[in-house]
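I have placed the structure first, in the form of C-alpha coordinates, so that the comments after it can refer back to it.
The values are calculated or read from the model by the stated rules, or taken from the named source; none is laboratory data. Treat the numbers as computed from the prediction; the structure is a model and nothing was measured. Here the Cβ positions follow ideal geometry from the backbone for every residue, glycine too, while neighbour counts run over all protein chains shown. Protein only, heavy atoms only, side chains kept; ligands, DNA and RNA dropped before computing areas. Shrake-Rupley method; radii C 1.70, N 1.55, O 1.52, S 1.80 Å.
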Amino acid sequence: MPFTAKVITTTQWGARAAIQDSFELTRPMYIVIHHTGDPNPPKDRSKGILPGAKQLARETQSFHMDGNKWSDSGHNFLNTTGGLILEGRHGTLNAVRKGFCIRSAHAAQDGERLARGNESPGIENEGNFMISAMGQKQWNSLVELCVSLCSSCDISPENIRGHRDFSNTDCPGDWLYAQISQLRQEVATKLGISMTAGVIKMGSKGTMVKELQTKLQEKGLNPGVIDGIFGEMTRIAIIAFQTSKNLPADGIVGEKTRELLGL
Ligand SMILES: [Zn+2]
(Lines give C-alpha, C1' and ligand atoms only; values in the text may rest on other atoms or scores of the structure.)
Protein backbone atom coordinates (compact mmCIF):
# COMPACT_ATOMS: atom_id res chain seq x y z
CA MET A 1 0.00 0.00 0.00
CA PRO A 2 1.46 3.41 -0.88
CA PHE A 3 1.84 6.34 1.48
CA THR A 4 -1.57 8.07 1.40
CA ALA A 5 -1.65 10.34 4.49
CA LYS A 6 -2.11 13.98 3.59
CA VAL A 7 1.01 15.91 4.59
CA ILE A 8 1.75 19.65 4.30
CA THR A 9 5.25 19.88 2.85
CA THR A 10 8.12 22.07 4.09
CA THR A 11 7.63 24.28 1.01
CA GLN A 12 3.94 24.68 1.77
CA TRP A 13 4.50 25.76 5.37
CA GLY A 14 7.41 28.02 4.49
CA ALA A 15 10.30 26.21 6.17
CA ARG A 16 13.73 27.81 6.40
CA ALA A 17 16.45 26.11 4.40
CA ALA A 18 18.22 23.42 6.38
CA ILE A 19 21.91 23.92 7.21
CA GLN A 20 22.73 20.75 5.28
CA ASP A 21 21.70 20.21 1.64
CA SER A 22 20.48 16.71 2.32
CA PHE A 23 20.31 14.08 5.05
CA GLU A 24 21.39 10.45 5.08
CA LEU A 25 18.75 8.00 3.86
CA THR A 26 17.96 5.34 6.45
CA ARG A 27 16.04 2.08 6.69
CA PRO A 28 13.52 2.79 9.45
CA MET A 29 12.75 0.12 12.03
CA TYR A 30 10.38 2.00 14.37
CA ILE A 31 7.90 4.83 14.47
CA VAL A 32 8.70 7.10 17.41
CA ILE A 33 5.83 8.93 19.13
CA HIS A 34 6.48 12.29 20.82
CA HIS A 35 4.56 15.14 22.35
CA THR A 36 5.64 18.77 22.03
CA GLY A 37 4.73 19.60 25.63
CA ASP A 38 2.80 22.64 24.37
CA PRO A 39 -0.57 23.74 25.81
CA ASN A 40 -3.64 21.68 24.98
CA PRO A 41 -6.89 23.07 23.53
CA PRO A 42 -8.35 25.62 23.99
CA LYS A 43 -4.89 27.19 24.49
CA ASP A 44 -3.21 25.17 21.72
CA ARG A 45 -0.67 27.10 19.67
CA SER A 46 -2.01 25.99 16.28
CA LYS A 47 -5.62 26.74 17.27
CA GLY A 48 -6.61 23.71 15.23
CA ILE A 49 -6.40 25.67 11.96
CA LEU A 50 -4.06 25.69 8.95
CA PRO A 51 -2.35 29.08 9.47
CA GLY A 52 -1.76 28.16 13.12
CA ALA A 53 -0.34 24.77 12.14
CA LYS A 54 2.07 26.33 9.65
CA GLN A 55 3.21 28.88 12.21
CA LEU A 56 3.78 26.18 14.82
CA ALA A 57 5.91 24.24 12.30
CA ARG A 58 8.00 27.36 11.56
CA GLU A 59 8.46 28.20 15.24
CA THR A 60 9.37 24.62 16.13
CA GLN A 61 11.93 24.52 13.33
CA SER A 62 13.45 27.79 14.52
CA PHE A 63 13.62 26.49 18.07
CA HIS A 64 15.39 23.33 16.90
CA MET A 65 17.85 25.25 14.70
CA ASP A 66 18.53 28.31 16.85
CA GLY A 67 17.95 26.84 20.30
CA ASN A 68 19.18 23.26 19.90
CA LYS A 69 21.67 24.16 17.13
CA TRP A 70 20.38 21.36 14.92
CA SER A 71 20.65 21.49 11.11
CA ASP A 72 16.85 21.44 10.64
CA SER A 73 13.65 20.37 12.42
CA GLY A 74 14.56 17.41 14.62
CA HIS A 75 11.37 15.45 13.97
CA ASN A 76 9.98 14.05 10.72
CA PHE A 77 6.31 14.91 11.17
CA LEU A 78 4.25 17.31 13.24
CA ASN A 79 0.65 16.30 14.01
CA THR A 80 -1.35 19.30 15.22
CA THR A 81 -4.46 19.48 17.41
CA GLY A 82 -6.61 20.04 14.32
CA GLY A 83 -5.38 16.78 12.79
CA LEU A 84 -3.15 18.54 10.25
CA ILE A 85 0.13 16.77 9.52
CA LEU A 86 3.20 18.77 8.51
CA GLU A 87 6.50 17.50 7.21
CA GLY A 88 9.38 18.11 9.62
CA ARG A 89 12.94 17.57 8.43
CA HIS A 90 13.43 18.36 4.73
CA GLY A 91 13.32 15.33 2.46
CA THR A 92 11.22 13.19 4.82
CA LEU A 93 8.18 12.91 2.59
CA ASN A 94 10.13 11.91 -0.52
CA ALA A 95 12.07 9.37 1.52
CA VAL A 96 9.11 7.67 3.22
CA ARG A 97 7.21 7.45 -0.06
CA LYS A 98 10.10 5.32 -1.33
CA GLY A 99 10.26 3.18 1.82
CA PHE A 100 13.13 5.02 3.51
CA CYS A 101 13.49 7.66 6.18
CA ILE A 102 16.19 10.26 6.73
CA ARG A 103 18.45 10.60 9.73
CA SER A 104 16.95 13.09 12.15
CA ALA A 105 17.47 14.20 15.75
CA HIS A 106 14.39 13.32 17.78
CA ALA A 107 15.30 10.14 19.67
CA ALA A 108 18.96 9.72 20.57
CA GLN A 109 19.80 6.50 22.40
CA ASP A 110 20.46 6.88 26.12
CA GLY A 111 22.26 4.07 27.95
CA GLU A 112 20.74 0.66 27.43
CA ARG A 113 17.55 1.93 25.82
CA LEU A 114 16.54 1.19 22.25
CA ALA A 115 18.82 2.26 19.40
CA ARG A 116 17.93 3.41 15.87
CA GLY A 117 15.39 6.05 16.94
CA ASN A 118 16.96 8.75 14.79
CA GLU A 119 16.89 6.44 11.77
CA SER A 120 13.14 6.08 12.18
CA PRO A 121 10.30 8.55 11.58
CA GLY A 122 9.57 10.68 14.65
CA ILE A 123 6.09 12.15 15.03
CA GLU A 124 5.70 15.23 17.24
CA ASN A 125 2.15 15.53 18.51
CA GLU A 126 1.18 19.04 19.52
CA GLY A 127 0.15 19.17 23.17
CA ASN A 128 1.09 17.85 26.57
CA PHE A 129 -0.10 14.30 27.14
CA MET A 130 1.26 13.66 30.63
CA ILE A 131 -2.29 13.74 31.99
CA SER A 132 -4.52 15.13 29.25
CA ALA A 133 -5.97 12.94 26.52
CA MET A 134 -5.64 13.68 22.82
CA GLY A 135 -8.69 14.92 20.88
CA GLN A 136 -10.30 12.63 18.32
CA LYS A 137 -9.20 14.57 15.20
CA GLN A 138 -5.55 14.51 16.24
CA TRP A 139 -5.78 10.82 17.20
CA ASN A 140 -7.31 9.95 13.82
CA SER A 141 -4.55 11.72 11.91
CA LEU A 142 -1.93 9.99 14.07
CA VAL A 143 -3.46 6.62 13.20
CA GLU A 144 -3.59 7.51 9.47
CA LEU A 145 0.03 8.64 9.46
CA CYS A 146 1.19 5.47 11.22
CA VAL A 147 -0.80 3.32 8.78
CA SER A 148 0.89 5.03 5.83
CA LEU A 149 4.36 4.75 7.39
CA CYS A 150 3.97 1.09 8.38
CA SER A 151 2.78 0.31 4.91
CA SER A 152 5.23 2.29 2.76
CA CYS A 153 8.28 1.63 4.95
CA ASP A 154 7.39 -1.93 5.92
CA ILE A 155 7.40 -1.22 9.65
CA SER A 156 5.51 -3.61 11.94
CA PRO A 157 2.79 -1.88 14.02
CA GLU A 158 4.47 -3.65 16.96
CA ASN A 159 7.37 -1.29 16.42
CA ILE A 160 5.40 1.86 17.14
CA ARG A 161 7.20 3.11 20.26
CA GLY A 162 7.32 6.08 22.59
CA HIS A 163 10.27 8.45 22.82
CA ARG A 164 11.00 7.27 26.38
CA ASP A 165 11.86 3.81 25.00
CA PHE A 166 14.94 5.42 23.37
CA SER A 167 15.88 8.39 25.52
CA ASN A 168 15.81 9.45 29.14
CA THR A 169 12.64 11.56 28.94
CA ASP A 170 8.96 11.69 29.99
CA CYS A 171 7.98 12.18 26.35
CA PRO A 172 5.36 11.40 24.95
CA GLY A 173 3.63 11.81 28.34
CA ASP A 174 2.09 9.14 30.56
CA TRP A 175 -1.33 9.24 28.91
CA LEU A 176 -0.07 8.96 25.34
CA TYR A 177 2.55 6.36 26.24
CA ALA A 178 -0.19 4.22 27.76
CA GLN A 179 -2.19 4.52 24.51
CA ILE A 180 0.53 3.06 22.32
CA SER A 181 -0.85 -0.49 22.48
CA GLN A 182 -4.22 0.90 21.36
CA LEU A 183 -2.49 2.79 18.54
CA ARG A 184 -0.70 -0.38 17.40
CA GLN A 185 -3.98 -2.26 17.45
CA GLU A 186 -5.87 0.34 15.39
CA VAL A 187 -3.04 0.61 12.87
CA ALA A 188 -2.82 -3.19 12.55
CA THR A 189 -6.59 -3.44 12.02
CA LYS A 190 -6.47 -0.83 9.24
CA LEU A 191 -3.60 -2.68 7.63
CA GLY A 192 -5.46 -5.97 7.93
CA ILE A 193 -2.67 -7.45 10.04
CA SER A 194 -3.43 -9.74 12.93
CA MET A 195 -1.51 -8.71 16.03
CA THR A 196 -1.16 -12.36 16.99
CA ALA A 197 1.71 -12.31 14.49
CA GLY A 198 3.51 -10.45 17.26
CA VAL A 199 3.29 -13.30 19.75
CA ILE A 200 6.68 -14.03 21.32
CA LYS A 201 7.39 -17.66 22.11
CA MET A 202 9.99 -20.41 22.27
CA GLY A 203 12.36 -19.96 19.32
CA SER A 204 11.56 -16.22 18.81
CA LYS A 205 14.63 -14.06 18.27
CA GLY A 206 15.49 -10.38 18.09
CA THR A 207 15.02 -7.02 19.74
CA MET A 208 11.57 -7.82 21.16
CA VAL A 209 12.95 -10.91 22.92
CA LYS A 210 15.82 -8.86 24.34
CA GLU A 211 13.34 -6.33 25.69
CA LEU A 212 11.22 -9.14 27.09
CA GLN A 213 14.24 -10.65 28.87
CA THR A 214 15.19 -7.25 30.27
CA LYS A 215 11.66 -6.72 31.60
CA LEU A 216 11.67 -10.14 33.23
CA GLN A 217 14.99 -9.42 34.88
CA GLU A 218 13.72 -6.05 36.14
CA LYS A 219 10.85 -7.93 37.75
CA GLY A 220 13.26 -10.15 39.65
CA LEU A 221 12.88 -13.19 37.37
CA ASN A 222 15.70 -15.05 35.67
CA PRO A 223 15.35 -15.31 31.88
CA GLY A 224 18.97 -16.50 31.48
CA VAL A 225 21.42 -14.51 29.37
CA ILE A 226 19.90 -11.35 27.83
CA ASP A 227 20.73 -12.50 24.32
CA GLY A 228 17.52 -11.92 22.35
CA ILE A 229 16.94 -15.66 21.98
CA PHE A 230 13.80 -17.14 23.56
CA GLY A 231 15.03 -20.38 25.12
CA GLU A 232 14.03 -22.62 28.02
CA MET A 233 15.14 -20.19 30.78
CA THR A 234 13.05 -17.40 29.27
CA ARG A 235 10.07 -19.73 28.96
CA ILE A 236 10.31 -20.74 32.63
CA ALA A 237 10.56 -17.08 33.67
CA ILE A 238 7.43 -16.28 31.62
CA ILE A 239 5.53 -19.14 33.23
CA ALA A 240 6.52 -17.84 36.68
CA PHE A 241 5.38 -14.35 35.72
CA GLN A 242 2.07 -15.60 34.30
CA THR A 243 1.43 -17.70 37.42
CA SER A 244 2.07 -14.67 39.65
CA LYS A 245 -0.52 -12.70 37.64
CA ASN A 246 -3.12 -15.50 37.50
CA LEU A 247 -2.78 -15.73 33.73
CA PRO A 248 -2.88 -19.05 31.85
CA ALA A 249 0.70 -20.24 32.33
CA ASP A 250 1.43 -21.25 28.73
CA GLY A 251 4.91 -19.71 28.49
CA ILE A 252 3.81 -17.72 25.42
CA VAL A 253 3.83 -13.91 25.38
CA GLY A 254 0.50 -12.85 23.92
CA GLU A 255 -1.34 -9.59 24.28
CA LYS A 256 -2.28 -9.89 27.97
CA THR A 257 1.14 -11.05 29.18
CA ARG A 258 2.79 -8.37 27.07
CA GLU A 259 0.56 -5.69 28.56
CA LEU A 260 1.18 -6.75 32.17
CA LEU A 261 4.93 -6.85 31.51
CA GLY A 262 4.74 -3.31 30.15
CA LEU A 263 6.16 -4.30 26.77
ZN1 LIG B 1 10.01 13.30 22.39
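What length, rounded to one decimal in nm, is gained on full extension from Thr207 through to Asp154, with 0.36 nm per residue of separation minus their alpha-carbon distance?
Here the segment from Thr207 to Asp154 would lengthen by 17.4 nm.
Taking R0 as 51 Å, what's the FRET efficiency between Thr214 and Arg16 from their Cβ-Cβ distance, rounded to 0.05?
Working: r = 41 Å, r/R0 = 0.80.
E between Thr214 and Arg16, to the nearest 0.05, is 0.80.
Out of every Cα pair in the chain, what percent are spaced more than 31 Å from each other?
When every Cα pair of the chain is considered, 26 percent fall beyond 31 Å.
Round to a whole number: what % of the accessible area of the chain belongs to carbon and sulfur, probe 1.4 Å?
In the chain, the share of accessible area belonging to carbon and sulfur is 52 percent.
Per residue, how much accessible area does the chain show when a 1.4 Å probe rolls over the protein heavy atoms, in square angstrom?
About 47 Å² of surface per residue is accessible.
Can you pull out the GluC sites (Glu not before Pro) in the range 105-182 that DSSP calls coil and that have at most 13 other Cβ atoms within 10 Å?
Passing sites in the range 105-182 are Glu112.
With a ≥ b ≥ c the root eigenvalues of the C-alpha gyration tensor of the range 47-146, is it rounded (a/c under 1.5), prolate (a/b larger than b/c) or oblate?
rounded
Report, in deg cm²/dmol and to the nearest 500, the calculated mean residue ellipticity at 222 nm for the chain, where each DSSP H run with n ≥ 4 adds -39500 (n - 2.57) and the sum is divided by the residue count.
-10000 deg cm²/dmol
When N is the residue count of the range 111-263, what does its C-alpha Rg come to as a fraction of 2.2 N^0.38 Å?
Here the answer is 1.08, to two decimals.
Counting other Cβ atoms within 10 Å, keep those with at most 10, restrict to DSSP loop, and tell me which trypsin sites (Lys or Arg not before Pro) in the range 1-80 are left.
Counting only loop positions with at most 10 other Cβ atoms within 10 Å, the trypsin sites (Lys or Arg not before Pro) in the range 1-80 are Lys43, Lys69.
Which parts of the range 125-141 would a label at Ala178 reach, counting a residue when its backbone N lies under 14 Å from a point 7 Å out along Cα-to-Cβ?
Of the residues in the range 125-141, 129-134 have backbone N under 14 Å from the label point off Ala178.
Local charge sum around Met208 (other residues, Cβ-Cβ under 10 Å, Lys/Arg +1, Asp/Glu -1)?
Values: positive: Lys205, Lys210, Arg258; negative: Glu158, Glu211.
Residues near Met208 contribute +1 overall.
How much FRET efficiency would the formula 1/(1 + (r/R0)^6) give for Val199 and Asp110, where r is the Cβ-Cβ distance and R0 is 30 Å, rounded to 0.05? Show your work: numbers first, answer last.
Numbers: r = 29 Å, r/R0 = 0.97.
Between Val199 and Asp110 the formula returns 0.55.
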